1. Which entry in (i) 17.2; (ii) 16.1; (iii) 17.9 matches Kirkwood radius over Cα pairs in Å derived from the coordinates of this structure?
2. Order these by the 10 Å Cβ neighbour count, fewest first: His24, His95.
3. Only four residue types carry charge here, +1 at the Cβ of Lys and Arg and -1 at the Cβ of Asp and Glu. Report the dipole size of segment 8-152 about the Cα centre in Debye, rounded to the nearest 20.
4. What residues qualify as long-range amide H neighbours of Arg93, i.e. H under 5 Å apart, gap of 5 or more or another chain, H built at 1.01 Å from N?
5. Skipping prolines and chain starts, which residues have an amide H placed within reach, meaning under 5 Å, of the one on Arg70, given they are 5 or more residues away or on another chain?
Amino acid sequence: MPPESNRVEYESEIGVVVGSPLSHADEAEAERGIAGFVCVNDVTARDLQKTDNQWARAKGFDTFCPVGPRLAAGLDWRNLEIIGRVNGTERQRGHVRDMQFSIPFLLAYISRIMRLVPGDLIATGTPAGTGQLAAGDEVEVEIPGVGILRNPVVSRV
């Protein structure tokens, strides 16, 4: 937790790893271009996000956006679920069917703006339930079939 922020929050997200180059892709091509999925904790200094009027500093501190615990290939994106816990208590749960945009749509849309290359990571957004963290907390982001990403929260002085 950086001393520059008074409000650091967790955001449990499904991470999509690109497996083949995508440029101006349609949704079918985008779906074929998925290498696999990872758990993402899109940590955000929410107070800085609001005061800076952009997200670079709020999401860019060292140790923000941990990813893991492994890349899981061969999963059907239509069946993915995300679960977020803080100190063992479930705070977030969402399913891809509840997302505003499908994963292939997101990849296709992004590929119209910038070329996606193997290894690129797209975080898909977070379900309701984000919240503030404190030193000593432990965040878990779980995607069944992928694994559980566990992160301790510590203060940086």
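1. Correct label, based on the coordinates given: (ii).
2. If I rank by nearby Cβ atoms, fewest first, I get His24, His95.
3. On the way: 14 positive and 20 negative charges, 26 e Å.
Computed charge dipole of segment 8-152: roughly 120 debye.
4. Gly84
5. Cys39
Only the coordinates and a few stated rules stand behind these numbers; no lab work does. Note that the structure is predicted; figures quoted are calculated from it, not measured. Here Cβ is always computed from backbone atoms with ideal geometry, including for glycine, and neighbour counts include all displayed protein chains.
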